[in-house]
1. When you scan region 209-227, do you find a residue that is closer than 23 Å to Thr106 by Cβ and not basic (Lys, Arg), even just one?
2. If you take the residues of region 130-143 that are assigned to a helix (DSSP H, G or I) and open to solvent by 40 Å² or more (accessible area, probe 1.4 Å), which of them is farthest from Ser87 (Cα to Cα)?
3. If the Cβ limit is 7 Å and pairs must be 6+ apart or interchain, which residue in region 119-141 that is closer than 16 Å to Ser66 by Cβ and among the aliphatic types (A, V, I, L, M) pairs with which residue that is open to solvent by 50 Å² or more (accessible area, probe 1.4 Å) and assigned to a helix (DSSP H, G or I)?
4. Could you list, in sequence order, the residues of region 63-100 that are hydroxyl-bearing (Ser, Thr, Tyr) and surrounded by fewer than 17 Cβ atoms within 10 Å (Cβ to Cβ)?
5. Find the residue count for region 55-93, including only residues that are within 17 Å of Ser125 (Cα to Cα) and touching a strand residue (DSSP E or B) at 6+ places or on another chain (Cβ under 9 Å).
6. Any residue that is touching a residue at least 60 places away in the same chain (Cβ under 8 Å) and not small (Gly, Ala, Ser) - is there at least one of those in region 109-116?
7. Out of Val236, Val162, I need the residue that is in a strand (DSSP E or B) and either closer than 30 Å to Ala86 by Cα or at pLDDT 95 or above (or both). Which one?
8. Considering only residues that are more than 21 Å from the chain's Cα centre (by Cα) and open to solvent by 60 Å² or more (accessible area, probe 1.4 Å), which ones fall in region 207-220?
Amino acid sequence: MGSVSVRLKRWSVGGGLRSLASVLRLAGLLSLASLVLTSVVLTSVTATAQTGTPRRTVWDGVYTESQAARGVTAYGQSCSGCHALASAGKAPLVGEPFWKSFAQKTVGDLLEFVSANMPNGSPRSLSESTYGDIVALMLKSNGFPAGNSELRRDNIADVQIVRKDGRTELPSDALARVVGCLARNGTDWVVTKATTPERAERAVPDGEEATRPLGSRTIPLKFVVTRLDALAGSRVAVSGLLIGADGADGINVTAVSRVAQKCP
């Protein structure tokens, strides 16, 4: 009985060691897997932080209430003679007229425009802080919320001017550019596979329009005064005034140029 008992104990201890070794191996594998997973997650988070930073917009609050209040005085002294701080009247600065001029642009663009053109006849004659106050008032008047930091040239350069729902479409009569394939539609000209209309003033790197992905829209070209037959079938860039929001009814053409011999 003693010998049987000893054998049972030895088997029990041996089995325990083997079980313990298996558990340790399993724990090691799980620990390694955890480290790998952690590394993957951290890499993903880092990549997101580096490349996926949400853009700032006018809806994030880029001026203060006190700054806009100072803008009331500055506007009254330097701007009210030529502009209406409303959606109608003389050179209005609010509502659709504002979107017509500044949709798809940045607050930096807005500040630069105000500085370069106001007051009428004496551009850049005001202090930098005064121009910031006037732009703050324009933003407030257009319904954009105030924030905790004053608007300055160095903190608003890339702040996007977009609709509250994030739409970036351009309003009717905005000067825009599209790229696509020039084709006939009966007696009229159209651009097929057209890109989304963008501000015509936007600088385009050399060669970009010849290679950029095209879209799926067909946009009618209106009031064409030059012969386009030689460009038929080419990839072209078309500039002009949009007829309807985002060119829903076409483009009032000011210029057409070939950017690639064939299209697409």
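The values are calculated or read from the model by the stated rules, or taken from the named source; none is laboratory data. Note that the coordinates shown come from a computational prediction; the quantities given were computed from them, not determined experimentally. A quick note on method: Cβ atoms are made from the backbone with ideal geometry, for glycine too, and the neighbour counts reach across all protein chains shown. Calculation scope for accessible area: heavy atoms of the full protein, side chains included, ligands and nucleic acids excluded. Shrake-Rupley method; radii C 1.70, N 1.55, O 1.52, S 1.80 Å.
1. Yes: region 209-227 contains one or more residues that are closer than 23 Å to Thr106 by Cβ and not basic (Lys, Arg).
2. Lys140
3. Sorted first by the residue in region 119-141, then by its partner, the pairs are Leu137/Val72.
4. If we filter region 63-100 for residues that are hydroxyl-bearing (Ser, Thr, Tyr), which is where we start, we get 63-64, 66, 73, 75, 78, 80, 87.
Selection gives Ser66, Thr73, Ser80, Ser87.
5. Final tally of qualifying residues: 0.
6. Within region 109-116, none of the residues are touching a residue at least 60 places away in the same chain (Cβ under 8 Å) and not small (Gly, Ala, Ser).
7. Val236
8. Our first condition is that a residue be more than 21 Å from the chain's Cα centre (by Cα); within region 207-220, this holds for 207, 210, 218-220.
Residue satisfying the conditions is Thr218 alone.
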